[in-house]
Amino acid sequence: MWLKIRKKMLLSFVLIIEICSSSFSQQKWDGEANDGLWTNAVNWVGDELPENADEVVLDNTFLANSYEISFGPGVAGIEIGSIKISPSAGKTITLTIPSNNTANPALICSGFVYGLILNAGAIFINASGAGAGATLEVSDSIRINNGGRFIHRTPRSHAANISVLSRDAGTEYGEFEFNIPVASTTISVSGQVFGRLRIVSGSGGTANYTGTGTNGLTVRSDLEVGVGVNLNFNLEGTLLIGRHLIQSGGVINLGSTARKLIMLVKGNVQQASSSIVTETGTANPELILAGTINQEVDIQGSLLNDIIFKIDNSAGVTLKHSLSLPYILELKMGMVTTGESILTLATGCLLVRLAELKNSFVNGRLKKEGLLNEDFVFPVGKDGILRWMALKNATGNFSIEFFKSDPRLLGSNLSTGLAHISSLEYWSIHVTGGNAQADIELSFDDVNSGGITDLSLLRIAKLKTDTWQNAGNTFTSGSPGSDGSVVSNTISEWTISEPDVVTLASSAATQNPLPVIWQMILAKRINNAVLIEWKTDLSSASYYELRKSTDGSAYERTGIVFTRPHTSVYSFLDRQPTTGPGFYKLIVVTNDSARISSKVLSVEPLLKQEHNVFKVESTEWELKFLFNSNPESDYQVNIFDLSGRLIQRSLMRVNGNSAIVKIRCKLFRYQFIIIHMTDTLGKQITLKVCVQ
């Protein structure tokens, strides 16, 4: 008795401020009866049961450990003002309407604002065994704060309870759980808003849940679907999942009718190996990854039927497990990083992507199955750079991956027709199944590809054993100094046991993707000499050979510079340069006698020579030369771009005081070209002209 009096005194002291400021009585639990029954007055401080308008606070004021309370069996309902469950940190307090309670309603919370408040560690279970009706009535709102749980474990109605769930800050992770112990039931989802939603099989076997309506569904944090659950949506609109989609088992049917559902996930996707996401209706539901930070996708089960899988996240998506898609992959925004996994597009699966989007691609392995005389673009890349490959007239199953690495480390020999290969990048092609064939189309991206200068000399090289084979050039797109592509011959021979490797190559040593060992290289006139300077990162260099040309075509050796220990920057001074335009290139000779050429360097004429050319005009297809007086002879004309590449060599016949050279000027519009003219007497004229 003395202990009971002390508890009453402590309660009065703790709650004096709240009691004075409230018109309702506050009741607390002391559990002295040790039976956990709400209806036993001995369990309440003062041995008095809470009354209709009372505020019930269930906490750890008098019981230090976790505990459970049951409304007990029977048909009599309980009406109260409000219930607030507030366990201490690390403790739980569970309040249950048990299955042997058949009251309708079993509990009425008639208080203002929040009739039921569940704080972290609080668990409210409605397992009512009533035959019909609403077993829980809350006149205002239910607040499930983060860490609190509301478990609906009865076939009785629940829509009214869900519609009054608080959406205030701090309730995003408050959990509402469907755990209904029947084989099939319809749950209220249309237009509803949950914090965290958990759907599990009430009996531990199989449970069929159906969500229907036309107003979508919002889950502010996680949607978790448990083992044995078949969740069927006949729902139109957007199912917004603010954080993670967690599927521990069972089936999620995104569309069982003609209504289209868009499941938009902001967080990660976790799916166990026994799980299935599918659709069985006539609409094409979408599963969209639309977060703002990188999302992890660990789908170990299956995606089946006509589901559109869409990436719409500029921060990207990372696969934690290999994924096979059945219908459509849409890359709207962001990279898909596969790591050690592989992203597979099954037979018939389409890929939708805007060609101009360079930030939407697969950063890793992409596989396409079941190609049959089809064209298919693989938007792959690495390190934030798209480096796509396409297959033309392809038949078979192909897995493609791009590597930002030196392909020369894979093989050092070149077959006939190849002068060099790229030192920057390559693609791997893994073919499964027999009778595969395709024309390979490789993209280039100027600087990222080492500099593309002449499309006609561009080649695709395919590695066989230790030798790079010439796979040809049947078609090109794009333009030098920009981006484009090159197409190989048809390839039908594949290494089935391991990936084949292809890369860009050139049939001319001075053009196209040059090995990037030249960190700096330049040529400039200094008085009556030309200074050439360069810097390389090649540790195996033995010496450098400098070559010079007056026409950009025929070169002769001008000098040799031997390497020195701990030196990467070198220079050479040509004291006898040409007075006209000069062209230079360096060749590094390695210790094993390999020769690697640099790009061509050009220097402008030393002196502006006097000549009688009054004006040079350009049209789309020709250059027209106007002279001050009638020349005495015709001219041999060599036309170069500023890099020193010979564009065209022509014989120009003079007619009176004008002459014409046919050339596709539109390819060089608004660019400077160098025109080197030599008459029959050997007199030379050099012009620098901007093509209009």
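Before moving on, here are some points about what is shown:
- Those residues of segment 313-331 which are of a type in the set (D, E, K, R) and more than 14 Å from VAL269 (Cβ to Cβ), in sequence order: GLU330
- Qualifying residue in segment 253-261 (condition: buried (at least 22 other Cβ atoms within 10 Å of the Cβ), at pLDDT 95 or above and touching a Lys or Arg at 6+ places or on another chain (Cβ under 7 Å)): no
- In segment 366-389, residue farthest from the chain's Cα centre (by Cα) [restricted to those that are under 23 Å from SER423 (Cβ atoms) and in a strand (DSSP E or B)]: MET389
- Condition check for SER568: touching a helix residue (DSSP H, G or I) at 6+ places or on another chain (Cβ under 7 Å), modelled with pLDDT under 90 and hydroxyl-bearing (Ser, Thr, Tyr): no
- So GLY396, is it in a loop (DSSP other than H, G, I, E, B), within 19 Å of ASP500 (Cα to Cα) and in contact with a Leu (Cβ under 7 Å, 6 or more places away or on another chain): no
- Filtering segment 681-691 to residues that are surrounded by 11 or more Cβ atoms within 10 Å (Cβ to Cβ) and not basic (Lys, Arg) leaves GLN684, ILE685, THR686, LEU687, VAL689, CYS690, VAL691.
Rundown of residues vs (1) free of Cβ contacts under 8 Å to residues at least 60 places away in the same chain; (2) among the charged types (D, E, K, R), yes/no style:
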position	(1), (2)
THR453	no, no
SER456	yes, no
LYS464	yes, yes
VAL486	yes, no
ALA508	no, no
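- Checked against (1) over 26 Å from GLY433 (Cα atoms); (2) in contact (Cβ under 8 Å) with a residue 40 or more places away in the chain; (3) crowded, with 19+ Cβ neighbours inside 10 Å, ASN359 passes all but condition (3).
- Criterion applied to SER549, SER542 was being of a type in the set (Gly, Ala, Ser), at pLDDT below 90, touching a strand residue (DSSP E or B) at 6+ places or on another chain (Cβ under 7 Å) and surrounded by fewer than 16 Cβ atoms within 10 Å (Cβ to Cβ), and the one residue passing it is SER542.
- Those residues of segment 381-400 which are touching an Asp or Glu at 6+ places or on another chain (Cβ under 9 Å) and either outside the structural domain of ALA471 (by TED's automatic domain parsing) or of a type in the set (D, E, K, R) (or both), in sequence order: LYS382, ARG387, LYS392
- Residues that are surrounded by 15 or more Cβ atoms within 10 Å (Cβ to Cβ), among the small types (Gly, Ala, Ser) and closer than 21 Å to ALA419 by Cα, drawn from segment 448-483: SER449, GLY450, GLY451, ALA461, ALA471, GLY472
- Residue match in segment 662-671 (condition: surrounded by 13 or more Cβ atoms within 10 Å (Cβ to Cβ), at pLDDT 80 or above and either farther than 21 Å from GLY580 by Cα or among the basic types (Lys, Arg) (or both)): yes
- Strands (runs of 3 or more DSSP E) wholly inside segment 173-242 that include at least 3 residues being closer than 16 Å to LEU261 by Cα and either modelled with pLDDT of 95 or more or of a type in the set (Phe, Trp, Tyr) (or both): 207-213, 217-219, 229-235, 237-241
- When every residue of segment 104-111 is checked against the conditions, none turns out to be within 18 Å of ALA159 (Cα to Cα) and either aromatic (Phe, Trp, Tyr) or not assigned by TED's automatic domain parsing to the domain that holds VAL57 (or both).
- Filter pass, SER423 being within 24 Å of GLY381 (Cβ to Cβ) and touching a residue at least 24 places away in the same chain (Cβ under 8 Å): yes
- Leading residue by the ranking (surrounded by the fewest Cβ atoms within 10 Å (Cβ to Cβ)) among those in segment 484-515 that are under 30 Å from the mean Cα position of the chain (by Cα) and of a type in the set (D, E, K, R): GLU498
- Taking segment 552-576 as the range and being assigned to a loop (DSSP other than H, G, I, E, B), of a type outside the set (Gly, Ala, Ser) and crowded, with 18+ Cβ neighbours inside 10 Å as the test, the residues that pass are TYR555, THR563.
The values are calculated or read from the model by the stated rules, or taken from the named source; none is laboratory data. Worth saying up front: this structure is predicted, and the values here are computed from it rather than measured. When we count neighbours, we look across all protein chains shown, and the Cβ atoms used for this are built from the backbone with ideal geometry, even at glycine.
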